[in-house]
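All of the numbers you see were taken from the coordinates with simple rules; none came from a lab. Predicted, not measured: the structure shown is a model, and the values here were computed from it. Using ideal geometry, Cβ is built from the backbone for each residue, glycine included, and neighbour counts are taken over all protein chains shown.
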Amino acid sequence: MPDDPPGYGVPLALKARLNEVEGCWLDVQCDCGRSIRYPIRMMVRSLGPGHHLGEIVPRLKCEKCGAKPATVHLCETAIREFCKGAPPGWSVQLHPLP
Ligand SMILES: [Zn+2]
């Protein structure tokens, strides 16, 4: 998996507005085993385009157990594992920060 996204280092990604990364996905994994990939397009619809990822990531909670997520990644595509479809694209870890 490529880990150098073209254009989004972690600090840049956290400053990005939702509308700038509208085509990307947030991959949220919880210690309870729940794992979700949210389309940022949906967040633009529900929250508005002007929010920064840096505001949103700390507010994320697991839908199943209500805990803070174990990891959050910003991903280029909806697919994380390499499989028969499109390549998985880049992803950058937003939480926990390295
Ligand atoms: Zn959970």
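The C-beta contact set for the stretch 52-73 (first residue touching a residue at least 24 places away in the same chain (Cβ under 8 Å) and closer than 18 Å to CYS32 by Cβ, second residue more than 16 Å from the ligand (Cβ to nearest atom) and assigned to a loop (DSSP other than H, G, I, E, B), distance under 9 angstrom, 6+ apart or interchain) comprises HIS73/ARG80.
For CYS62, all conditions in the list (1) within 15 Å of the ligand (Cβ to nearest atom); (2) under 16 Å from VAL10 (Cα atoms) hold save one; what is the number of the exception? (2) is the only condition that CYS62 fails. Conditions first: (1) within 16 Å of the ligand (Cβ to nearest atom); (2) surrounded by fewer than 15 Cβ atoms within 10 Å (Cβ to Cβ). MET42 passes all but one, so which condition is the exception? All conditions are met except number (1).
Out of (1) closer than 14 Å to SER91 by Cβ; (2) basic (Lys, Arg); (3) out of contact with any Leu (no Cβ under 8 Å at 6 or more places or on another chain), what's the single condition that is false for LYS61? Tallying (1) closer than 14 Å to SER91 by Cβ; (2) basic (Lys, Arg); (3) out of contact with any Leu (no Cβ under 8 Å at 6 or more places or on another chain), LYS61 fails exactly one: (1).
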